[in-house]
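The values are calculated or read from the model by the stated rules, or taken from the named source; none is laboratory data. The shown structure was predicted, so the numbers you read here are calculated from the model rather than taken from an experiment. Because the Cβ atoms are built from the backbone with ideal geometry, glycine has one as well, and the counts that use them run over all protein chains shown.
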Amino acid sequence: MKKKWLSILLAGALSLAITGTAFAYRGESEGDHSGGSSNTSNNGYSQSSDHRSDGWDDREDGDKQADSHDSHGPKGQNSQQFNFHDMGESAWAEPYVMKLLDNDVVKGYPDGSFKPNQPVTRAEVVTMMARSQNAPQGTGQTTYVDAPSWACDYVNWAVGKQILIPGEDNYKLEAEDPATRLWVAQMAVRALGLDAQATVVQDTYLPFNDSSAVPADMAGYVKLATEKGIFTGYPDCTFQPHKPITRAEMTVIMSRLDAAMNDETLGTVTATDAGSVTVSVYGGASKTIEVAPGAAVWLNNNPATTKDLQQGDVVTVDLNTAGKAVVIDATRIQQAPVSVPAPAPASTPAPPLS
């Protein structure tokens with residue numbers, strides 16, 4: 001993360017010197033399988049200890065195994081050894097997994113797996129949200145009686161941000177329950193500070209064939225979560241509110257949410273030149289962003305230029321107040337070259353095309 005802060009500060013200084021403007025900085029296959037386009041206890045308290053001294057011991061990262069982060073290198077360099085052996089058909093999520101891995105939002109398991117198709121639990125979702133915002137360690141206690149010890153501080157962070165509201169759920173997180181699309185949509189909207197707005201537009205019209213499956217008092221959350229690009233519908237025009245979210249899907253949703261929380265642009269590169277980058281933003285929009293002089297460009301955590309970017313790279317773009325890119329953080333999964341044998345010579349020449 002130090003690299004990102006340094007990039008932003010340097011880019012901001014250059015932008016100020018050259019343009020005289022200041023900027024604000026940030027601290028579904030189908031796309032994410034949530035429905036986008038394919039681009040690739042007792043006494044009422046739970047207690048925990050501070051696990052940071054010997055690695056984060058948590059369910060979200062290997063069922064309370066020791067921190068597997070060590071197997072992927074120090075923070076900010078994990079993408080150099082991205083080698084989970086079980087991504088398989090979830091390869092579309094690899095750039096997003098890499099981004100969150102680099103920022104210590106997710107980790108793998110000690111056996112070298114990521115378990116991309118395993119449903120993510122409610123406690124794990126709260127943990128990811130808290131980590132993405134560098135939530136500090138706290139007292140290790142929480143009024144949520146069923147919160148696992150490793151998640152207590154993250155739950156407290158969510159309570160402080162009014163993402164979780166004690167009392168409305170009888171002080172139970174249902175921590176081990178799979179997180180559904182509807183529940184995560186609500187958490188995401190609250191993380192964006194839009195809870196009151198969602199309440200105002202509850203019982204709103206939703207353009208999904210299964211909108212009747214969304215409770216009236218939750219419709220506002222779905223509406224805002226889709227408007228903000230955190231979720232999109234499925235090709236059959238459904239939202240599938242009660243479908244559990246997998247770990248792979250959650251990395252994409254978290255990437256979108258993190259970008260929205262920090263006023264960034266997240267998408268995939270479709271074209272670049274020396275002075276601009278065109279990004280396909282989730283929801284189908286295409287956006288050409290002018291690059292500010294002296295902007296910091298990173299590709300897989302290495303210094304780069306816009307000329308190094310390729311179509312399909314996943315990028316997060318920080319903008320200054322003039323709407324120009326001052327930091328471009330790109331991720332690309334390097335694919336091993338495929339050896340294709342040369343065809344055997346034909347015994348007779350092919351006839352000319354007419």
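Does Pro241 satisfy the criteria of being in contact with a strand residue (DSSP E or B) (Cβ under 9 Å, 6 or more places away or on another chain) and closer than 28 Å to Ala191 by Cα?
Considered against the rule, which asks whether it is in contact with a strand residue (DSSP E or B) (Cβ under 9 Å, 6 or more places away or on another chain) and closer than 28 Å to Ala191 by Cα, Pro241 comes out as yes.
Does Ala147 satisfy the criteria of being assigned to a helix (DSSP H, G or I) and not β-branched (Val, Ile, Thr)?
Spelling it out, it is not the case that Ala147 is assigned to a helix (DSSP H, G or I) and not β-branched (Val, Ile, Thr).
Would you mind listing the helices (runs of 4 or more DSSP H) fully within the range 176-227 where at least 2 residues are out of contact with any His (no Cβ under 9 Å at 6 or more places or on another chain), crowded, with 20+ Cβ neighbours inside 10 Å and not small (Gly, Ala, Ser)?
Here the list reads 181-191, 219-227.
When only residues in the range 65-85 that are of a type in the set (D, E, K, R) and touching an Asp or Glu at 6+ places or on another chain (Cβ under 9 Å) count, which is modelled with the highest pLDDT?
Lys75
For the range 232-267, enumerate the residues that are closer than 18 Å to Leu319 by Cβ, of a type in the set (S, T, N, Q) and in contact with a Phe, Trp or Tyr (Cβ under 9 Å, 6 or more places away or on another chain).
Ser255, Asn262
Of the conditions (1) part of a loop (DSSP other than H, G, I, E, B); (2) of a type in the set (A, V, I, L, M, F, W, C); (3) touching a Leu at 6+ places or on another chain (Cβ under 7 Å), Ala158 satisfies every one except a single condition; which number is it?
(1)
Between Asp210, Asp177, Asp195, which is in contact with a Cys (Cβ under 9 Å, 6 or more places away or on another chain) and modelled with pLDDT of 95 or more?
Unique residue meeting the criteria: Asp210.
Just checking, which of Asp111, Asp169, Asp104 is out of contact with any strand residue (DSSP E or B) (no Cβ under 9 Å at 6 or more places or on another chain), of a type in the set (Asp, Glu) and at positive phi?
Sole residue among the options that is out of contact with any strand residue (DSSP E or B) (no Cβ under 9 Å at 6 or more places or on another chain), of a type in the set (Asp, Glu) and at positive phi: Asp104.
Could you tell me whether Val269 is assigned by TED's automatic domain parsing to the domain that holds Val327 and of a type outside the set (D, E, K, R)?
Answer is yes for this residue.
I need a count of the residues in the range 162-174 that are of a type in the set (Val, Ile, Thr) and modelled with pLDDT under 95.
Here the count works out to 1.
Return the residues of the range 140-174 that are acidic (Asp, Glu) and under 15 Å from Thr121 (Cα atoms); say none if nothing qualifies.
Those that are acidic (Asp, Glu) and under 15 Å from Thr121 (Cα atoms): Asp146, Glu174.
Pick out the one residue from Ala248, Ala271 that is aliphatic (A, V, I, L, M) and within 17 Å of Ala325 (Cβ to Cβ).
Residue meeting the stated conditions: Ala271.
Kindly indicate whether Gln118 is at pLDDT 95 or above, more than 16 Å from Val252 (Cα to Cα) and not small (Gly, Ala, Ser).
no
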